[in-house]
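For reference, the structure discussed in these notes is given below.
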Amino acid sequence: MDHGRSILVLGRMPRGAEPETHRPAGPWCFVEQEEFFPAWDRRFVFPPEPLAEVPAMERACRRAKAL
């Protein structure tokens with residue numbers, strides 16, 4: 001029983017992983033794994049790009065400089 005928990009995958013996606021139980025950190029998790037995960041780009045959900053918006057990137061830069 002998994003109690004609704006998900007596994008965050010940072011590296012290579014393990015064979016047999018399912019979208020219901022595994023969360024890829026990005027598309028790189030499927031490099032050289034395409035044959036094991038047909039339609040991986042449509043089946044799995046990816047987090048949004050953290051710095052895709054210019055205002056968010058500018059805030060992050062200001063905060064980093066303040067350190």
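The values are calculated or read from the model by the stated rules, or taken from the named source; none is laboratory data. All figures in this text were calculated on a predicted structure; none of them were measured in a lab. All Cβ positions, even for glycine, are placed from backbone atoms using ideal geometry, and neighbour counts span all protein chains on display. Heads up: the accessible areas ignore ligands, DNA and RNA and are worked out on the full protein's heavy atoms, side chains in. Shrake-Rupley method; radii C 1.70, N 1.55, O 1.52, S 1.80 Å.
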Assigned charges on the beta-carbon of Lys, Arg, Asp, Glu; the chain dipole about Cα centre (debye):
420
Relative contact order, percent, the chain [alpha-carbon distance under 8 Å, six or more residues apart]:
25
Count the net charge of all other residues whose Cβ sits under 12 Å from the Cβ of Ala56, scoring Lys and Arg as +1 and Asp and Glu as -1.
0
Any idea what the alpha-carbon Rg over 2.2 N^0.38 Å comes to for the chain?
1.44
With DSSP loop assignment and no more than 14 other C-beta atoms within 10 Å, the trypsin sites (Lys or Arg not before Pro) in the chain are Arg5, Arg12, Arg15
Over the chain, average the accessible area per residue using a 1.4 Å probe and give it in Å², no decimals.
82
Calculate how steeply helix 54-66 sits against the longest principal axis of the alpha-carbon atoms of the chain, using the helix alpha-carbon long axis, and give the answer as 0 to 90 degrees to the nearest 10.
70
Of Pro50, Cys29, Met13, which is farthest on the positive side of the dipole of the chain, counting Cα position, with +1 on Lys and Arg Cβ, -1 on Asp and Glu Cβ, and the Cα centre as origin?
Pro50
Measure off, as a whole percent, the carbon and sulfur share of the 1.4 Å-probe accessible area of the chain, all protein chains present.
58
